[in-house]
Amino acid sequence: MEPESAVAQEVSVQQNPHPRFNWKRLSLWGGVATLCFSVGLSIYSALVVHIMGARIDDENLSQTVSDFNQNNDLLSPDIGVIQFMHRGYSVTFDSLTYGQNGLEVTGTVGNATNVTLSSVTLKLSARPFLYKLKEKIMKSPFYLYGNDYEIGSGQANIGFLFPGKTAVFSMTIPNVKQSPDGFQIAASFTGERYSF
């Protein structure tokens with residue numbers, strides 16, 4: 001009888017197509033799936049944060065460049081082009097010559113206002129384009145308030161600048177060399193007195 005009961009049990013096991021559910025195996029695969037999802041979500045979040053940080057940095061730089069351009073009279077080193085400063089004065093470069101001492105500049109400064117300027121000195125500063133200074137600007141927001149980024153600057157005494165008139169100037173801006181990166185020139189007046 002014993003052999004028959006063993007055969008009967010074997011037959012009953014073979015006939016049951018649904019073996020007991022293995023909860024241990026399911027929980028293991030569930031844990032692996034949860035871990036993979038967590039790691040993937042963490043990587044995705046880190047990428048999104050990195051991309052958003054880069055976009056914010058680019059927006060901050062764009063705003064800094066916009067503010068800088070608004071607050072400075074920036075000229076391009078082009079010959080024969082009348083370029084206006086914010087307050088109605090103009091600068092025209094007649095010649096730009098690169099020499100051993102730097103950039104030799106001659107030109108005219110004009111007064112389109114109704115104000116007479118006296119004791120005026122024209123200052124021209126050669127500066128790199130701000131996108132070349134991106135890393136330094138991002139590290140220190142006060143970097144542009146100093147003069148460390150200037151290539152060189154020169155001055156020319158204009159004396160009097162009467163309304164509707166122009167005056168000739170010449171100067172040398174030291175340390176300026178011809179390069180494919182280019183540069184911009186910031187123009188400003190110093191020591192000027194205004195009279196109507």
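Observations
- Candidates LEU75, LEU96, LEU41: whichever shows maximal mean-square fluctuation once the chain is modelled as a Gaussian network with Cα springs under 10 Å: LEU41
- Comparing mean-square fluctuations of LEU117, LEU161, LEU28 from a GNM of the chain with C-alpha springs under 10 Å, the top value falls on LEU28.
- The range 26-74 and the range 155-196: distance between their alpha carbon centers, rounded to Å: 44
- The Stokes-Einstein estimate for the chain, based on a Kirkwood radius over Cα pairs and taken at 37 °C with 0.692 mPa s viscosity, is a diffusion coefficient of 145 µm²/s.
- Considering only alpha-carbon pairs that sit under 8 angstrom and 6 or more positions apart, the relative contact order computed for the range 125-180 is 38 percent.
- In percent, rounded to a whole number, the relative contact order of the range 101-196 is 52, using alpha-carbon pairs under 8 Å and six or more apart.
- Residue with peak Gaussian network fluctuation, the chain [Cα springs, cutoff 10 Å], from SER119, SER27, SER42: SER27
- When only Cα pairs below 8 angstrom with a gap of at least 6 residues are kept, the chain shows a relative contact order of 24 percent.
- For the range 41-102, dividing the convex hull volume of the Cα atoms by the residue count gives 141 Å³ per residue.
- Value of [θ]222 nm, deg cm²/dmol, for the chain, DSSP H segments ≥ 4, -39500 (n - 2.57) each, nearest 500: -12500 deg cm²/dmol
Read the figures in this text as sums done on the coordinates, not as results from a lab. Small disclaimer: the values here were computed from a predicted structure and weren't measured.
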